[in-house]
Amino acid sequence: MENTELTREDVRHVAGLAMLEFNDEQLDTFTTQLDNIMTLIDTLEEVDTEGVPATFTVTENTNVLREDVAVNANQAEALLANAPEEENGLIKVPAILDESEGVN
């Protein structure tokens, strides 16, 4: 396969499509970096992978997460049991607003 050579104008064009703006120094840097990546891709395309099965993971690990099921196991009673004070099934808290002063 023919090697792909990336030019500075290619990088400027792609940056424009992504609505990115680069100065000349950044364009030179990214052109070199992207050209190196394209060269690596060209090299990888030369590898004979005929008959090699696809690899989806490199480990045998699998997720062991439990099913996400909502459970309401008397949480209100447990919560109220830990509250410093409760009244009519609600947690009683001290007032934080002083309503004794009038509003102007």
Global form of the chain, assessed from the alpha-carbon gyration tensor, a/c cut-off 1.5 = oblate
Accessible surface, the chain, averaged per residue in Å² (probe 1.4 Å) | 98 Å²
So, with a 1.4 angstrom probe, what is the percent of accessible area on the chain that is carbon and sulfur?
-> 54 percent
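Could you work out how much longer the chain between Glu46 and Asp10 gets when fully extended? Use 0.36 nm per residue separation minus the Cα distance between them, nm to one decimal. Present the calculation step by step, with values, prior to reporting the outcome.
Details: separation 36, 0.36 × 36 = 12.96 nm, distance 2.38 nm.
Additional length available on full extension: 10.6 nm.
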For the chain, whose charge dipole is built from +1 on Lys and Arg Cβ atoms and -1 on Asp and Glu Cβ atoms, the candidate among Thr43, Pro94, Val11 with its Cα farthest towards the positive end is Pro94
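By Kyte-Doolittle mean hydropathy of at least -0.5 and Cα axial length of at least 24 Å, which whole DSSP H helices of the chain are selected? Write out the running numbers ahead of the final one.
Values: long enough: 24-45 (31 Å, -0.28).
Within the chain the helices that satisfy the rule are 24-45.
The values are calculated or read from the model by the stated rules, or taken from the named source; none is laboratory data. Being a predicted model, the structure only gives us computed values, none of them experimental. Every residue, glycine among them, receives a Cβ derived from its backbone with ideal geometry; neighbour counts consider all protein chains shown. What goes into the accessible areas is simple: the full protein's heavy atoms, side chains included, and nothing from ligands, DNA or RNA. Shrake-Rupley method; radii C 1.70, N 1.55, O 1.52, S 1.80 Å.
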